[in-house]
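**Q** Quick one: structure below, then a few questions.
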Amino acid sequence: MQEAKGSSLEQPKGFFGHPRGLATLFLTEVWERFSYYGMRALLILYMTAATSSGGLGFDVAKAGALYGLYTAMVYLLSLPGGWIADRFLGQRRAVLYGGALIALGNSCLAMPPLALFYVGLTISAVGTGLLKPNVSVMVGQLYETGDRRRDAGFSIFYMGINLGAFLAPLATGWLAQSEQFRRTLAGWGFAPEGSWHWGFAAAAVGMFLGLCQYVLGGRALGDAGKAPGGSATPAHLAAAWRKFGMGAGLVFALIAVVAVLSAGGTIVLTAEVIGRVFDWVLVLTVLGFFGWLFLGKGWSAEERKRLLVIFVLFLGAAVFWSAFEQAGSTLNLFAERSTRTRVLGFDFPASWFQSLNPLFIILLAPVFAWLWVALGRRDPSSPAKFALGLFLLALG
């Protein structure tokens, strides 16, 4: 991806000794994560809530499949999102368009029709795929190569992620689930069961606020993310458009074939079926990719050993995130159905439990940063920390 054109030395330093553009990207990520985690905290609870209480009334199997499919697409669409920014848009516009799509998607969720629910999830996933990878790239572009402040800048940026993730469930959960707000809605003449949509609307408003400050603070970003990376000659752009057209054509052709088969009754298309098929597609894609790498020529013995290590770490990471992402699905349902949500006489929504993970990260990150330095030579290696993380996940 493109290296910074605007030197950090050329930009005002007004954000904890870092380029002022970091403040713009920090706040953009705060609001984007507010939008994402605010919506995610409600998603499976809304799908499984009874229709009489304003939910969709889905069973857990269907809701879980939809939740898993949505979260998987959020991360997978980062790949084409980064590619499109590199070849066509540049990171600056990709973040802007992605944020606009996220706000639009959550706005669809804020409206009752079921069709808009599916449309909203799709638009939000596409928008996150555009915004998420490219805003991180722009953070790196604020600094010159070799600038020692870069790692610290990413640490500050990472705190923005967790700040947004901490605040979001508190706000959207209160609007969607609290009895106090439902009584307020009734007093205003609105149906109390519509409170879910107010929670989704808050997520949309959060992303809109993030877009406003991103546009207003754009001058502080210098040249970061303005132009696509790599060569922008007409020949390269034409080749990129051909690849994009072929990829988009294959996707739409596949969707059309599935739609025709489903309409004709040849296949029964349900969320559970789509989820199972998608699981197999992911597994076979990963195995095929690593198989292609292992069988490829030109690797030295040392490189093959490193490739094997990457594969092992990949499997460990897959296990970690597959369990960790249960926070928004099975653990969220457990909090709703099997956990006491009353403390010192105060009732709180089950979705508030979603704020605990980012809170622990904010509180414990400085502790571990100090600990690794304090241990000196006894500081565990990265693989050891990786294994310890997996162990603690299993213990949890």
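The values are calculated or read from the model by the stated rules, or taken from the named source; none is laboratory data. Note that this is a predicted model, so its numbers are computed, not measured. Cβ placement follows ideal geometry from the backbone for every residue including glycine, while neighbour counts extend to all protein chains displayed. Side chains are part of the model used for accessible areas, which takes the heavy atoms of the whole protein and leaves out ligands, DNA and RNA. Shrake-Rupley method; radii C 1.70, N 1.55, O 1.52, S 1.80 Å.
**Q** Run down Ser381, Ser300, Ser351 and say which single residue is open to solvent by less than 70 Å² (accessible area, probe 1.4 Å), polar (S, T, N, Q) and within 23 Å of the chain's Cα centre (by Cα).
**A** On the way: Ser381 fails: within 23 Å of the chain's Cα centre (by Cα); Ser300 fails: within 23 Å of the chain's Cα centre (by Cα).
Answer to the selection: Ser351.
**Q** So in the stretch 193-214, with the set limited to residues that are of a type outside the set (Gly, Ala, Ser) and touching a Ser or Thr at 6+ places or on another chain (Cβ under 6 Å), which one is most open to solvent (accessible area, probe 1.4 Å)? So that I can check it myself, show each step before the final result.
**A** First, pick out the residues of the stretch 193-214 that are of a type outside the set (Gly, Ala, Ser): 193, 196-198, 200, 205, 207-209, 211-214.
When the remaining residues are screened for being touching a Ser or Thr at 6+ places or on another chain (Cβ under 6 Å), the result is 193, 207, 214.
Values: Glu193: 80, Met207: 0, Tyr214: 10 Å².
Only one residue fits best here, namely Glu193.
**Q** Moving on to the next point. Quick one: in the stretch 113-159, of everything that is open to solvent by less than 50 Å² (accessible area, probe 1.4 Å) and assigned to a loop (DSSP other than H, G, I, E, B), which residue is farthest from Phe208 (Cα to Cα)?
**A** Asp147
**Q** Cβ contacts < 7 Å: first residue farther than 30 Å from His197 by Cα and part of a helix (DSSP H, G or I), restricted to the stretch 8-37; second residue open to solvent by 30 Å² or more (accessible area, probe 1.4 Å) and modelled with pLDDT under 80, any location; separation 6+ or different chain. Result?
**A** Between residues of the stretch 8-37 that are farther than 30 Å from His197 by Cα and part of a helix (DSSP H, G or I) and residues that are open to solvent by 30 Å² or more (accessible area, probe 1.4 Å) and modelled with pLDDT under 80, the close pairs are Ser8/Asp147; Leu22/Phe15; Ala23/Phe15.
**Q** Output the residue which, of all residues in the stretch 76-99 that are in contact with a Gly (Cβ under 7 Å, 6 or more places away or on another chain) and over 27 Å from Trp321 (Cβ atoms), is most open to solvent (accessible area, probe 1.4 Å).
**A** Arg92
**Q** Which one of Phe386, Phe314, Phe360 is assigned to a helix (DSSP H, G or I) and either modelled with pLDDT of 90 or more or small (Gly, Ala, Ser) (or both)?
**A** Sole residue among the options that is assigned to a helix (DSSP H, G or I) and either modelled with pLDDT of 90 or more or small (Gly, Ala, Ser) (or both): Phe360.
**Q** Among (1) farther than 30 Å from Leu282 by Cα; (2) touching a residue at least 40 places away in the same chain (Cβ under 8 Å), which single condition is Arg340 missing?
**A** (2)
**Q** Gly57 - would you say it is open to solvent by less than 60 Å² (accessible area, probe 1.4 Å), free of Cβ contacts under 8 Å to residues at least 60 places away in the same chain, over 17 Å from Ala327 (Cβ atoms) and in a helix (DSSP H, G or I)? Walk me through how you get there before you give the answer.
**A** On the way: open to solvent by less than 60 Å² (accessible area, probe 1.4 Å): yes; free of Cβ contacts under 8 Å to residues at least 60 places away in the same chain: yes; over 17 Å from Ala327 (Cβ atoms): yes; in a helix (DSSP H, G or I): no.
Taking the combined requirement at face value, the residue does not satisfy it.
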